[in-house]
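Data first, discussion second: the structure below is written as structure tokens.
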């Protein structure tokens, strides 16, 4: 009832309520914009990791093509009359550094805004290449590469009082014969 009376009052008592509503609105908008910023950064990193892993998977094409002609899609090479597993994991960090413009510093691959401020940093890249078995019994056992990477993004909405966002991203690429 007091707020209703404030709306009807003509002494200027609404200035405080207007300031509070404005501050709450600005805080909410800052939080929403920060959420969208984090979404954009993580999606960009995920897409770049996927592109780098696909590049590495493509480098395995010569290992996969030979068995594909024999009816299998796996990373094998025929050597001395026997099929031998052969997989190349490549250098995904090098590809990511090129794609995203990262610099390696102390175990992290960092995207800098200024010389002392970073936009995000990547670490703990793990790649698991899953080779399909020779003569698989089903098509569900495909040649694929799974990669896991940790991304750390400092929050601009906490003014350094909040911990940075840390996410462990998982990216999967799968070889599929197109014939």
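Starting with the highest mean, order 120-126, 49-55 by the number of other Cβ atoms within 10 Å, averaged over the residues of each peptide. Walk me through the intermediate numbers first.
On the way: 120-126: 17.4, 49-55: 20.6.
Final packing ranking: 49-55, 120-126.
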> Contour minus end-to-end for residue 16 and residue 124, with contour as 0.36 nm per residue of separation and end-to-end as the Cα-Cα distance?
Replying inline: 33.9 nm
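Bear in mind that the values in this text are calculations on the coordinates, not laboratory data. None of the values given here were measured: they were computed from a predicted structure. With ideal geometry, Cβ positions are generated from the backbone for all residues, glycine too; neighbour counts draw on all protein chains shown.
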